[in-house]
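For reference, the structure is listed below as structure tokens.
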Amino acid sequence: MLAELMIPVIIFFMAVFFAMGSGVMVVCSKNPVHSALWMVSTLFSTAIIYLILQFDFIAAIQVIVYAGAIMMLIVYVIMLTSVDEEVRRKYRLRLYQIVGLAFIVIIFVELVKTGSSHLTGWEGLDWKHIPETFGSVKYIAHQLFSKYVFPFEVVSVLLLAAIAGSVVLAKKDKKD
Amino acid sequence: MIKYVWLVPFFPLIGVLINGILGWKLEKINKGIIHWIACGAVGLSFLVVWMIFRELLNLPPEHRHFEIIVYNWFTSGVLSVNVAYLVDPLSITMSLFVTGVGFLIHVYSIGYMGHDEGRYYRYFTYLNLFMFSMINLILANNFVLMFLGWEGVGVCSYLLIGFWFENKEFASAGKKAFVFNRIGDFGFVLGMFLLFFSVGKYTDIYTLNFYNAMSHVKFIPVAVASAVGILLFIGATGKSAQIPLYVWLPDAMAGPTPVSALIHAATMVTAGVYMVARCAPLYLHGHSAMEIVAIIGGVTSFFAATMAIAQYDIKKVIAYSTISQLGYMFLGVGVAAFSAGVFHIVTHSFFKALLFLGAGSVIHALSGEQDMRKMGGLKDKIPVTYWTFLIACLAISGIPGLSGFFSKDEILGKTFASGHYFLWFLGTVTAGLTAFYMFRVLFMTFFGESRVEPDVAKHIHESPATMTVPMIILAVLSAIGGYIGVPHLLGGSNRIESFLEPSFSYGGIETENLFHHVPAGTEYFLMIIAVLVGLAGIYVAYLFYMKNKSIPENLVKKYPTLHKLLYNKWYIDEIYEAVFEKPGHFLGSVLWMIWDELIVDGIVKGVSNIVRGIGCGLRFVQTGSVQFYAVGVLLGIVITVTYFLNF
Amino acid sequence: MHSHVVVLFLSAFLFSIGAIGVLVRKNAIIVFMCIELMFNAANLALVGYSHFLKSIDGVMLVLFVLAVAAAEAGVGLALFVLLFRNKGTIDVDKLNILKW
């Protein structure tokens, strides 16, 4: 019984650590292809976390759109441009980069500090209060086509513009 | 018909729109279309006014007052202004002769402007626009619409004075007229504001409607009423060319002669007199303003007459004569003889328009010559012009039986009766001077041996029928026009006075003590004096310019200073130049160099330099490196996060 | 401590890692991926809060973020292709001609 309860928790924490690890690897890999693959793994781990948090639809979308479509596109573009490994910088970080890193540290510390008050003992995955239908496709669809119908339409126009824009940008100029 | 009064300004407006928009095309097709449209529009207006006039005559006098609201122009707070037309004896009398004389002069223009190629349509557009504005000025039932017309006629006057704008002198004459009118308009606007404010303050009725405001004007203090009257009169001095703003009118003769006849003699320049008459209750209440009107009018009439006697340009003489006659009109309204003033407006518009048209005909015959020293002996060559001109001269000189006699005598008689003996004396002397300079023109132009230059002399011809017929009609009117106001003394009933009286006497202001009773014998005596003075003027002119031509030359030799003074128009233009223009020019230069160049430009350039300096410094932020920009984004995030998580 | 706190920590971590990547990497595509990582971190935070507050709004926002990210990826990657075609490189250090 305990083991049955523990399995999702274990999966949850594994997904969290895996997401962290592959996130670091995205930044650290020399080869962009490796980077992309680590990215896919991050997205996958995130999808698992969504799933555990009962947002199955979002998890599916995450895998289909992000891991499936966008990362696919990125890999294609890597193929079109440079599969070479990145040459490491021969010089030290520039001043602005150091300042930027300092900023990042500040942001991270601020964010963690806010959450640190909740850093008590582990109390579980907090499933009980969530209704079954909360993250379901039906519920989200209902929201999407009622309350969020205007942003939905706007986003559709944005996607259309993006399609047209990318076609215009990427096509070869016939005159050349 | 009265409710269709809006048709009166509407027809010329249609003319303006058609000729203004399509005129350039129509002129290429056929010039006839243009003048048919323009003259037809004014003719129709005249017919409408005539019908309204007939209808008005059939009504009992106390009901002769209508206000036709066309639409609400604008409403702002307590002020509501309608485009609305006032039909009462005064406005109808004015619009009757304005449209009538206007129509005749439109017809005359067909012949006079016939040789002007390429902007025939523009001339008639301006002329119709003038008629539209003038009718609005006259028929308006409130100050704002009147001011619209007031400004409109000013613009048309400017456009038509500078009609031959290639000539720089003509163009600047237009500008001069405009600037002097602006000075007057400033006073007019201030007067309007003050009236609106003070009537509103003392009676709580905020209105710019004439009848409404004038009926309540008796409740405001006399001093305020006088101030309003003086301010409005400043506007009138600009528009009607009185001291001190008269100097534009002689220069306005640069325009085509029909324009001088229509705008600068018969109609527009009388707008000031009309306005004073329109505000009769105000001036009766603020009697010091009225006193000023009378004094300015009397003095102007005398001074302008003295200037007229030494001019050689035929149109300039008539222009000064116009100023002088306008002075008479102001003298009339200034002594509360409003109907006499308006009566003189009407008769003056007949004979002065005729004088200008006659002068125009002479100029036309002499291929543009305006100097009287190069005329002479034209009597037999252009007989129609001569006879009509003679009638006009007799009328303006106040020869009994002709129109000028009745109106001028009415004014002088009322002036005497109101106790302004000095002004009466000035007016009588002016009558003599008027007769003198008008007959001087007549003798120099039509009599004696010809001094015309030989190559011009070959082309002398009588004007076409479009020009002579209006002149003949005006000559008839000048001759008989006075019979609408034959005084009681001479067995008449002074119909114009009884017709106009309701337009002045509704303000509820005591007017009984304004005029003393003058015995009939004294009145006869005054009349005879005026006539004798006029005849004396004619005789002196005959003596000087027909019988013994050496007299004027001897006089010039004997009194060179006086002649120079008169010839140079008392040096008023030069004085204005020295007193206003030179300091203005100097002030302008100083302001230009110190205020504009140093301070304003300094600030503007300084601001731009500061911005440029900052930009020069800041452009190094634009490193072109994406990651550098990303640091900027991160800084934003840091600030946001820190703010929202800590505060 | 419930699961959403862990999710929020993960979100902060991934966001910072992504930001570091944006700052230090030279390959434009990797920079782009790091931005996607930051997007993802934001999504995580939204989902975490949605779960915590039992409100669907956060999830809806995630959906829109996904759509916008897809649009951005389409245009952005097209730009990289164009850039590579014209400049022969997508090294952000070398692409700095748009300056003062």
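The values are calculated or read from the model by the stated rules, or taken from the named source; none is laboratory data. Keep in mind that what you see is a predicted model, and the values were worked out from it rather than measured. Note: ideal-geometry Cβ built from the backbone for every residue, glycine included; neighbour counts use all protein chains shown.
Please state which one of C:75, C:59, C:92 is of a type in the set (A, V, I, L, M, F, W, C) and within 22 Å of residue A:160 (Cα to Cα).
Only one candidate passes the filter, namely C:75.
Could you check how many residues of the range C:63-96 are within 9 Å of chain A (Cβ to nearest Cβ), part of a helix (DSSP H, G or I), under 24 Å from residue C:29 (Cβ atoms) and of a type outside the set (Asp, Glu)?
19
Looking at B:314, B:345, B:323 in this structure, which one is touching a helix residue (DSSP H, G or I) at 6+ places or on another chain (Cβ under 7 Å), over 28 Å from residue B:497 (Cα atoms) and surrounded by 24 or more Cβ atoms within 10 Å (Cβ to Cβ)?
It is B:314.
Could you identify the single residue in A:39, A:25 that is touching a residue at least 12 places away in the same chain (Cβ under 8 Å) and at the interface with chain C (Cβ under 7 Å from one of its Cβ atoms)?
None of the others qualify; the one that does is A:39.
Provide a single number: the residues in the range B:449-478 that are in a loop (DSSP other than H, G, I, E, B), crowded, with 16+ Cβ neighbours inside 10 Å and touching a Ser or Thr at 6+ places or on another chain (Cβ under 8 Å).
2
Does the range B:510-525 include one or more residues that are at pLDDT 80 or above, outside any loop (DSSP other than H, G, I, E, B) and in contact with a helix residue (DSSP H, G or I) (Cβ under 6 Å, 6 or more places away or on another chain)?
Within the range B:510-525, one or more residues are at pLDDT 80 or above, outside any loop (DSSP other than H, G, I, E, B) and in contact with a helix residue (DSSP H, G or I) (Cβ under 6 Å, 6 or more places away or on another chain).
Which of (1) within 23 Å of residue B:274 (Cβ to Cβ); (2) among the hydroxyl-bearing types (Ser, Thr, Tyr); (3) more than 27 Å from the chain's Cα centre (by Cα) is the odd one out, the single condition residue B:503 does not satisfy?
(3)
Can you pull out every residue in the range A:135-165 that is more than 14 Å from residue C:68 (Cβ to Cβ), surrounded by 15 or more Cβ atoms within 10 Å (Cβ to Cβ) and small (Gly, Ala, Ser)?
Those that are more than 14 Å from residue C:68 (Cβ to Cβ), surrounded by 15 or more Cβ atoms within 10 Å (Cβ to Cβ) and small (Gly, Ala, Ser): A:135, A:136.
For the range B:246-287, which fully contained helices (runs of 4 or more DSSP H) count at least 3 residues that are closer than 18 Å to residue B:328 by Cβ?
B:271-278
Where the second residue is surrounded by fewer than 23 Cβ atoms within 10 Å (Cβ to Cβ) and outside any helix (DSSP H, G or I) and the first is touching a residue at least 40 places away in the same chain (Cβ under 8 Å) and lies in the range C:1-12, which pairs have Cβ atoms under 6 Å and are six or more apart or on separate chains?
C:2/A:123; C:2/A:126; C:3/A:125; C:3/A:126
So which helices (runs of 4 or more DSSP H) stay within the range B:553-647 end to end and still have 1 or more residues that are within 11 Å of another protein chain (Cβ to nearest Cβ) and within 30 Å of residue C:99 (Cβ to Cβ)?
Correct list: B:601-618, B:626-646.
Among the candidates C:11, C:3, which residue alone is more than 7 Å from every other protein chain (Cβ to nearest Cβ) and either modelled with pLDDT under 85 or buried (at least 24 other Cβ atoms within 10 Å of the Cβ) (or both)?
Residue meeting the stated conditions: C:11.
For the range A:60-76, give me each residue that is closer than 20 Å to residue A:138 by Cβ and more than 10 Å from chain C (Cβ to nearest Cβ).
A:60, A:63
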